[in-house]
1. Express the Stokes-Einstein translational diffusion coefficient of the stretch 162-313 in µm² s⁻¹, to the nearest whole number, given a Kirkwood radius over alpha-carbon pairs, 37 °C and a viscosity of 0.692 mPa s.
2. Quick check on the chain: helices-only [θ] at 222 nm, where DSSP H runs of length 4 and up contribute -39,500 (n - 2.57) each and the sum goes over total residues. Nearest 500, please.
3. Could you let me know the centre-to-centre spacing of the stretch 302-326 and the stretch 175-244, using Cα atoms, in angstrom?
4. Go through the stretch 33-142 and name the GluC sites (Glu not before Pro) that are in a DSSP coil and have 13 or fewer other Cβ atoms within 10 Å of their Cβ.
5. Report the net charge of residues surrounding SER8, where surrounding means a beta-carbon distance below 12 angstrom and charges are Lys +1, Arg +1, Asp -1, Glu -1.
6. So for LYS40, LYS307, fewest C-beta neighbours within 10 Å to most, what's the order?
7. Taking a ≥ b ≥ c as the square roots of the Cα gyration tensor eigenvalues, with a/c under 1.5 meaning rounded and otherwise prolate when a/b beats b/c, else oblate, which class fits the stretch 277-327?
8. What fraction of the Cα pairs in the stretch 1-121, stated in percent, has a spacing above 22 angstrom?
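Each reported figure results from applying straightforward, stated rules to the coordinates on display, with no laboratory input. For clarity, every value in this text was computed on a predicted model and none was experimentally measured. We place every Cβ from the backbone using ideal geometry, glycine too, and count neighbours over all the protein chains shown.
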Amino acid sequence: MLNILHISFHTGCHNELMYVGKQLDIKITYLEFIDGTKSKYNIGKERAEIYWNKHQDYFNTFDAIITSDTAPISRVFLQNGWNKKLIIWINNRFDYHDISTLDCDFPDKDYYNLIRMAIEKENVFIFGYTPFENYYCKHFKDIDIGNLIIKPTGNISNVYKFNNFSKIDNIENTFFIGTYHNDNIMINLTKIIESFKVSNYNGRFNGPLDLARFKAVIHIPYAWSNYAFFEAIYLGIIYFIPSKKFLFELKKDKDFFWSPPYRDELIELSEWYLPEHKNLLIYFDSWIDLNIKIFTLNYKKQKYILKQFSEKHNNDMLDKWRKIFFT
């Protein structure tokens, strides 16, 4: 059995790869990247070297390493001559850094060169979890990582099994509105939905299984992809989101947020607006249109559509992982 170490920051990545490992009969051990500093996302040369020196004996007990969420974790291995399999799964721009805690020169020229050289190495596999990650590498940073994309299956592992459910009355008939910027600061979604005279809850949820208990989610997207998107498909969680045209109208002259960099002309690279996902989401062209669709949608039929897509998507993604692990 393959023995693989997965290093990340993100619970969604942990959940996903625990599921994948179980399906493919691979032992995957999770390690959260923690180095005792507030600037852990900014992996300059020195930080990577310190982390390597501290853990290299442990790393060498594994057959392969996977880094996910933020690709700079891979620097630990790229600059130290790791010669076993290294899988770099890009979930958030390959040169992601946190400006608010930046304490080193990152991203630096040496890091970009390490990624360029890694592309040519037979033991290194670099790919995005959504089309925009590959596009960003090639068209924004002139680094072509190829066309391979492995998206989350959205399946749920034991990572979430101890989460408590929210205590909300009549939750099965309540629409969920998250605490995200676009849903609250750019637009007061709660106020709009309350005018429809439908039950709604604006707040946090305790993992995907908790979210699945709501009737549906009303949301204004803010990122190229989310683990929640695929978990929702798997769990049959229905999303109402603005159509492209209405999104462009809503964000005009407002405090709109999108995981940078954002371009209107690239919106169809987002999972929320990919043409092949047009039947998975309920798009609304106006607030009146949303009101009508809330009351007229065949919820049972929509959940069936999600289920059918999820089954094929799951098999397709597992096939891609199988090729990565066993080649």
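1. So the translational diffusion coefficient is about 206 µm²/s.
2. Value at 222 nm, helices only, nearest 500: -10000 deg cm²/dmol.
3. So the two Cα centres are separated by 24 Å.
4. GLU120, GLU122
5. On the way: positive: LYS40; negative: GLU16, GLU32, ASP69.
Taking every Cβ under 12 Å from that of SER8, the sum is -2.
6. By the 10 Å Cβ count, ascending: LYS307, LYS40.
7. Taking the square roots of the gyration eigenvalues as a ≥ b ≥ c, the stretch 277-327 is prolate.
8. So the portion of pairs separated by more than 22 Å is 30 percent.
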